[in-house]
Amino acid sequence: MASAKSWSLALVLLCISLSYLVNAAGDNNGSIGASFIFGDSLVDAGNNNYLQTLSKANIPPNGIDFKASGGNPTGRYTNGRTIGDIIGEELGVPNYAVPYLAPNSTGKAILYGVNYASGGGGIMNATGRIFVNRLGLDIQIDFFNNTRKQFDQLLGPSKAKDYITRRSIFSVTIGANDFLNNYLLPVLSIATRISESPDAFIDDMINNLRNQLTRLYQLDARKFVLGNVGPIGCVPYQKTINQLNENECVDLANKLATQYNVRLKDLQTELTGKLPGATFVYANVYDLVMELITNYEKYGFTTASKACCGNGGQFAGIIPCGPTSSMCQDRDKHVFWDPYHPSEAANLIIARQLLYGSTRYISPVNLKQLRSL
């Protein structure tokens, strides 16, 4: 009997040793590291819950399909997971990147990553002022600077630098608000549009972003994912207020997004040449979302025009999603959850293309390949 127990104990110890070796090998490959998420409401995981702001999503039925919260709202602007959540899961990160402003964004929790994104935030500091409070990209990077110091304390300077440079991914999903809630904002932006041409405004955006990305590089970021601006002229809000037909989009908004995206691609090339050791991956969200909108039936959706949760007009696109909103039952059949944001079903398709797709949507490498670099 004693020998059987000894054999069992030896077997358990062998399994533990093998498990440790496998995990250690995975760590050395950089298969598990931190995910640092910067951006706007498309990827906000709850930072705005802690701000006095008009842009909030911590009210039902937001999050109704978010399993981790039991269907309760978390501050995500969708019915389930964001693109950032899904990508983290698929890359094997065991926990969602914690919102920077959340009380639990301390200690070892930050080793899996931190989310700095904020609904209403933009590249320009003036963007989103209509919401009163929001975190622009400059402030988000200030916050990462604090996190960077915490990593030194947790791991020691040498290991922290290696963890940040080799094993961590920095995703930046921002720019839409700079048009929707700044340059194109009714009434408030008229003076800006009179004094500044679209080209000049986009110049300002790119110059700001260049400085912001360079600052992240100086804080040891090396693996970057740059999401371009999607077809903002096709969201239910824009279709509703402009009284468009189902298959129409607002030309000016989409034209500005396209102009900016060309410049962002140029910036990717420029920074790749200027910042040694950095990899800048361009995520072509515009074409990816436009494909979903144009060929929605092919992907199992019944509408790419109407918000699942919202009120007002033909496409339920005026009043944001909240407790008094109308809500569809077939949430996975709608490309848009609310007047602005994709549903979890759409986020899943977008995320998987960015993870595993071809250079049509993600270049020069996809996110799975970026993780292993």
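A few notes on this one:
- Rounded to the nearest 10 degrees, the inclination of helix 285-294 to the longest alpha-carbon principal axis of the chain is 60 degrees.
- The range 258-274 and the range 32-51: distance between their alpha carbon centers, rounded to Å: 24 Å
- Förster-model FRET efficiency, 56 Å R0, Ser158 and Gln329, C-beta, rounded to 0.05: 0.55
- Dipole of the range 74-221, positive direction: furthest Cα of Gly122, Phe201, Ile110, with charges on the beta-carbon: Ile110
- Helical content alone sets the calculated 222 nm signal of the chain at -13000 deg cm²/dmol, taking -39,500 (n - 2.57) per DSSP H segment of four or more residues and averaging over every residue.
- Once the Cα-Cα distance is subtracted from the 0.36 nm per residue extended length, the Ile241 to Asp138 segment shows a gain of 34.0 nm.
- Residue (of Thr214, Asn254, Gly312) at the positive-pole extreme of the chain, dipole from beta-carbon charges: Thr214
- Candidate lysines for bridging to Lys265, where Cα separation is under 23 Å - those fewer than 8 sequence places away on the same chain excluded: Lys223, Lys255, Lys274, Lys368
- All Cα-Cα distances of the range 252-373, cut into 10 Å bins from zero to the largest, leave 13, 33, 31, 17, 6, 0 percent in each bin in turn.
- Part-to-part distance (alpha-carbon centres) for the range 295-365 and the range 110-157, which is given in Å: 26 Å
- Net +/- balance of residues flanking Ile123 in space, Cβ distance below 11 Å, scoring K and R +1, D and E -1: -3
- Amide H contacts under 5 Å for Gly121, placed H, 5+ residues apart: Ser41, Leu135
- Rounded to the nearest whole Hz, the Karplus-based 3J(HN,Hα) values (6.51 cos²θ - 1.76 cosθ + 1.60, θ = phi - 60°) of the range 111-121 follow the sequence 5, 8, x, 9, 9, 10, 5, 8, x, x, x, with x at glycine and proline.
- Share antiparallel - DSSP beta bridges, the range 34-372, percent rounded to 5: 20 percent
- Net length available on complete extension from Ile59 to Arg360 is 104.7 nm, with 0.36 nm assigned per residue and the Cα-Cα distance removed.
- Inter-label distance, nm, simple model (7 Å from Cα along the C-beta direction), Val262/Leu373: 2.6 nm
- Fluctuation leader among Cys234, Cys249, Cys328 - the chain, Gaussian network, Cα springs under 10 angstrom: Cys328
- Grouping the Cα pair distances of the chain into 20 Å bins from zero gives a pair-distance distribution of 29, 56, 12, 2, 0 percent in increasing distance order.
- Kirkwood hydrodynamic radius over Cα pairs of the range 240-280, then Stokes diffusion coefficient at 25 °C and 0.890 mPa s, in µm²/s: 194 µm²/s
The numbers here are math on the coordinates, done by the rules we state, and not lab data. Because the structure is predicted, anything quoted here is derived from the model rather than measured. Positions of Cβ are generated from backbone atoms using ideal geometry, with glycine treated the same way; all protein chains shown enter the neighbour counts.
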